[in-house]
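One structure is given here, and the rest of the page talks about it.
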Amino acid sequence: MARSRLGIWVIAIVLAALAPVRAQDRSDDLHSDDRIAVVASFSILGDFARAVGGARTGVTTLVGTSGDVHVFTPTPADAKKVAAARLVIVNGLGLEGWLPRLVQASGGNAAIVFATTGVPLRAADAGQTVHGEGSADPHAWQSVANAKIYVVNIRDALIAADPAGEAVYRDNAADYLAKLDALDQEVREAVARIPPERRKVISAHNAFTYFEAAYGIAFIAPQGVSTDSEASARDIAATVMQIRTAKIPAVFLENLSDPRLISQIATEAGARVGGTLYSDSLSDEKGDAPTYIAMVRHNIKALMSALAE
């Protein structure tokens, strides 16, 4: 009888010792990653998505930091990312020419949101307002006012994909939109300190027409809207002549473009290289532009340094 009772007590002690472990096991199961899988086509869109999605989303980008979205070539691993996503965020306007085939190859059923929906479009070449997407400059994020439209589109797409997170997405978006308002004002105040006759620069490719329209700094580029295009000898000669005749104060490198073109132009024109601008990609965390807001601040600081003299 005593042995029987002893055995019962031993079993009870063992079960009591195991109980916390089993409870912890169940707790781990409850905390498994159930975030909304979001894929953004490139790093700037990824930053917007993280700002709005917060902890409810797991955001990955196809074209990473310091990657060139114009010439990107997807891999089978990218198709798997798209297949696993609930939401795919793209710029559109011809920026991601490789995307339709990638989506088809993935076989997934993710919702696709075009972040540029509702943006007042600018022409790829002349810079004037256009009404069709075929000839539009895709670099609409270079205007902070347009970035706000991107954020609203991303917010609404996340709400549609995850209605339970609506309050979170609205709060996050409101906070970020307020930061963008402050950023827009910051840029305008900086440009106001640049003498009007000095508000003109040379950049590597035609990625700043929206910035030009919003803030009044003229950008001249020997390349077109895509880094995949090449400047001809005639383009280079015309750019050099324009620098001399218009007395353009500075030329700028871009983080994704071959620096040799701008260096050649600067040498032939006797112009100053004002620094590096970020156009189509963020930097990594240790760089000058790890976020969109940091990118805009870096660019306006570089422009101010070269032009406000």
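List of remarks:
- Computed from backbone phi with θ = phi - 60° and the Karplus coefficients 6.51, -1.76 and 1.60, the 3J(HN,Hα) list for the stretch 135-143 is 10, 7, 6, x, 7, 5, 5, 5, 9 Hz; x is used for glycine and proline.
- Equivalent ellipsoid semi-axes - Cα gyration tensor, the stretch 93-215, angstrom: 30, 22, 10
- Over 30 Å (Cα to Cα) - which of Lys80/Lys179; Lys148/Lys301; Lys148/Lys247 fall in this group: Lys80/Lys179; Lys148/Lys247
- Close amide-amide hydrogen proximity is noted between Ile220 and Val201, Ile202, Ser203, each under 5 Å apart and 5 or more residues distant or on a separate chain (H modeled in the peptide plane; Pro and chain starts excluded).
- Sequence-distant residues sharing a close amide H with Ile36 (under 5 Å, placed H): Thr57, Gly58
- Solvent-accessible ranking of Arg234, Arg244, Arg260, Arg198, largest area first, probe 1.4 Å: Arg234, Arg260, Arg244, Arg198
- Accessible surface comparison of Asp47, Asp175, probe 1.4 Å, protein chains only, largest first: the order is Asp175, Asp47.
The values are calculated or read from the model by the stated rules, or taken from the named source; none is laboratory data. Because the structure is predicted, anything quoted here is derived from the model rather than measured. Accessible surface areas use protein heavy atoms only, side chains included; no ligands, DNA or RNA. Shrake-Rupley method; radii C 1.70, N 1.55, O 1.52, S 1.80 Å.
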